[in-house]
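Structure, as structure tokens:
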Amino acid sequence: MKRLLLVSLLIMLALTWAFAAGQPEGRANELTIWSAAADDEAQALSEAFRRIHPEINVSIIRAGSGELLTRLRAEQPRPQGDILMGIAKEAFDDNIDLFRGYRTANYDSIPEDVREARDQPRYYGFSMPLQAFIVNTQLLSEQDIPRSWAALTDERYQGEIILANPALSGSAYAQLYMMYNLFGDDYLRAISQRAVFVASSTAVPESVARGEYAIGITGEGNIARYIEEGAPVIAVYPEEGTGLRFDASGIIAGGPNPQSAELFMDFLTSRDAYEIIRTTRSRRVVLRDMPGPGPLPGLDEIRFFEYDAMRAASMREELTNRFSDMIE
């Protein structure tokens, strides 16, 4: 009797193993997205994806990019997420071992400079946090509007410029690095004397829109929103260019649902998805033939210069400390 039970148990185990071996890797009806994008943006993308793939249940975990990367590193070698969405390209570069390559269905439509440079990219561009000048046209006449980074140090703008403190804001540090990369320390000393520095980056466009200051530097999406709300402001893209920066998304290596992850990346690199990103939060997307956010110009009308994200990251502590001494 015991021998018969043992044989039966072995047969059941063998059948179970055979069935499991024959199943595709992962659960094809589940997807977990770790998102650093805004809640409404992530939700809109999830809903659009589910209209295409109603069979897939989507879960979204929203947190800052640093928190998500820390969790992802801690969960190795069995991470619980499938997609990491909307974090800075340089963060992908710094943690590239956590992601796996995939050539999406839209690979050929994504410009080479906004995806990883390999046949199976581990990340693709999501949006572009371009920096521009926000200028109040009620405070400055057409001929007095600064058109270049160099112009900001002109004496006539003394006390008219508001900037976020680069020691307290990631976007403000990007602005600082751009200025340093273009002109060096002498320029930084000059701008430190011309501008007023505040702790909050959101205070910059708000203050210019209210007419408290004439000029600020901010993400262009902020400018688009204030223009659409009727504020007397315009976006100025400096003649020297603005740094080419982008956020990205990719498939988490070893995630539980690789098939669903690939389907989502196919969707996320589609024109429909980029239109959602563009309109939900007035973000600029990486497809060159798509218009800018709101009333802003297309990519072909803006001059860029290379933004070395790795060098910027490596210099951050040193450069912010040096600049903090200048503005004290």
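Laboratory data are not the source of any read-out in this text; all were calculated from the coordinates shown. Model, not experiment: these values are computed from the prediction. Cβ placement follows ideal geometry from the backbone for every residue including glycine, while neighbour counts extend to all protein chains displayed.
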Using the Karplus curve 6.51 cos²θ - 1.76 cosθ + 1.60 with θ = phi - 60°, work out ³J(HN,Hα) for each residue of the range 165-182 in order, rounded to whole Hz, and write x for Gly and Pro.
5, x, 6, 10, 9, x, 5, 5, 5, 4, 4, 4, 5, 4, 5, 5, 5, 7
Rounded to the nearest Å, what's the spacing between the alpha carbon centres of the range 144-214 and the range 297-314? Just the number, please.
18 Å
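I'd like the projected area of the range 174-223, averaged over all directions, using the convex hull of its alpha carbons. Report it in nm² with one decimal. Write down the numbers at each step before the final one.
Details: hull surface 14.9 nm².
In nm², the orientation-averaged hull projection of the range 174-223 is 3.7.
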For PHE99, enumerate residues with amide H under 5 Å from its amide H, sequence gap 5+ or separate chain, H modeled in the peptide plane.
ALA253
Placed amide H near GLY243: partners under 5 Å, 5+ positions off or other chain:
GLN131, PHE305
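Show me the ranking of peptides 120-130, 263-273 by mean Cβ neighbours inside 10 Å, starting with the highest. If you can, show how the numbers build up before the last one.
Details: 120-130: 22.5, 263-273: 20.4.
The densest-packed peptide leads the list: 120-130, 263-273.
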Charge dipole of the chain built from unit charges on the beta carbon (Lys, Arg +1; Asp, Glu -1), centred at mean Cα; most positive-end Cα among THR137, GLY298, VAL58 is VAL58
Hey, what's the per residue convex hull volume over the C-alpha atoms of the chain, in cubic angstrom?
150 Å³
Where the only charges are on Cβ atoms (+1 Lys, Arg; -1 Asp, Glu), what is the dipole of the range 38-168 about its Cα centre, to the nearest 20 debye?
520 debye
Could you tell me what percent of the DSSP beta bridges with both partners in the chain are antiparallel, to the nearest 5?
55 percent
For the range 46-103 versus the range 240-261, the gap between their alpha-carbon centres in whole angstrom
8 Å
Using the Karplus curve 6.51 cos²θ - 1.76 cosθ + 1.60 with θ = phi - 60°, work out ³J(HN,Hα) for each residue of the range 216-232 in order, rounded to whole Hz, and write x for Gly and Pro.
x, 10, 7, x, 4, x, 5, 5, 4, 5, 5, 4, 5, 7, x, 5, x
Net charge near ASP185 (other residues with Cβ under 14 Å of its Cβ; Lys, Arg +1; Asp, Glu -1) is -1
Percent of all Cα-Cα pairs per 10 Å bin for the range 199-277, counting from 0 up to the last occupied bin, reads 14, 31, 25, 20, 10, 1
